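J.: Okay, here's the structure, questions in a sec.
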Amino acid sequence: MSQTFKHKILNQLGAVLKQLRLEKGLSLMEISAQTDLSLQSIMLIENGNPVAYDKYKKLLSFYHKTFDIVLTDLP
């Protein structure tokens with residue numbers, strides 16, 4: 001997988017997760033408390049930076065989503 005494609009996926013995933021959080025009217029601190037993820041991890045994810053796979057999975061699970069939400073929107 002090229003770095004550009006990987007970066008695009010991470011950016012898209014971060015944007016979708018941030019949008020879900022904002023739609024629910026939740027703060028980063030509220031998400032952190034409910035998922036046991038650090039504020040830093042959530043911010044990294046929402047900004048498209050790489051973190052451990054289990055952190056993505058935990059956040060996606062919180063929203064009842066899977067990685068498909070990103071892959072279906074890529075060209």
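J.: Taking the range 48-59 as the search range and keeping residues that are closer than 16 Å to Ile69 by Cα and in contact (Cβ under 8 Å) with a residue 40 or more places away in the chain, which one is surrounded by the fewest Cβ atoms within 10 Å (Cβ to Cβ)?
T.: Top of the filtered list is Gly48.
J.: Another one. Given Gly14, Gly48, Gly25, which one is in contact with a His (Cβ under 8 Å, 6 or more places away or on another chain) and of a type outside the set (D, E, K, R)? Let's see the steps before the verdict.
T.: Details: Gly14 fails: in contact with a His (Cβ under 8 Å, 6 or more places away or on another chain); Gly25 fails: in contact with a His (Cβ under 8 Å, 6 or more places away or on another chain).
Answer to the selection: Gly48.
J.: In the range 35-49, which residues are in contact with a Lys or Arg (Cβ under 7 Å, 6 or more places away or on another chain) and not in a helix (DSSP H, G or I)? Reasoning before the result, please.
T.: Of the residues in the range 35-49, the ones in contact with a Lys or Arg (Cβ under 7 Å, 6 or more places away or on another chain) are 35, 37, 41, 45-46.
Leu37, the sole residue that qualifies.
J.: Report yes if Leu17 is of a type in the set (A, V, I, L, M, F, W, C), closer than 13 Å to Tyr63 by Cα and in contact (Cβ under 8 Å) with a residue 12 or more places away in the chain, otherwise no. So that I can check it myself, show each step before the final result.
T.: Working: of a type in the set (A, V, I, L, M, F, W, C): yes; closer than 13 Å to Tyr63 by Cα: yes; in contact (Cβ under 8 Å) with a residue 12 or more places away in the chain: yes.
Yes: the conditions hold for Leu17.
Results for (1) among the polar types (S, T, N, Q); (2) touching a helix residue (DSSP H, G or I) at 6+ places or on another chain (Cβ under 7 Å); (3) surrounded by 11 or more Cβ atoms within 10 Å (Cβ to Cβ), shown as yes or no for each residue.
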{"residue": "Phe5", "(1), (2), (3)": "no, no, no"}
{"residue": "Leu10", "(1), (2), (3)": "no, no, yes"}
{"residue": "Gly14", "(1), (2), (3)": "no, yes, yes"}
{"residue": "Gln19", "(1), (2), (3)": "yes, no, yes"}
{"residue": "Glu23", "(1), (2), (3)": "no, no, no"}
{"residue": "Ala33", "(1), (2), (3)": "no, no, yes"}
{"residue": "Glu46", "(1), (2), (3)": "no, yes, yes"}
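The numbers here are math on the coordinates, done by the rules we state, and not lab data. These figures come from a predicted structure and were not determined experimentally. Here the Cβ is made from the backbone with ideal geometry for all residues, glycine too, and neighbour counts use every protein chain on show.
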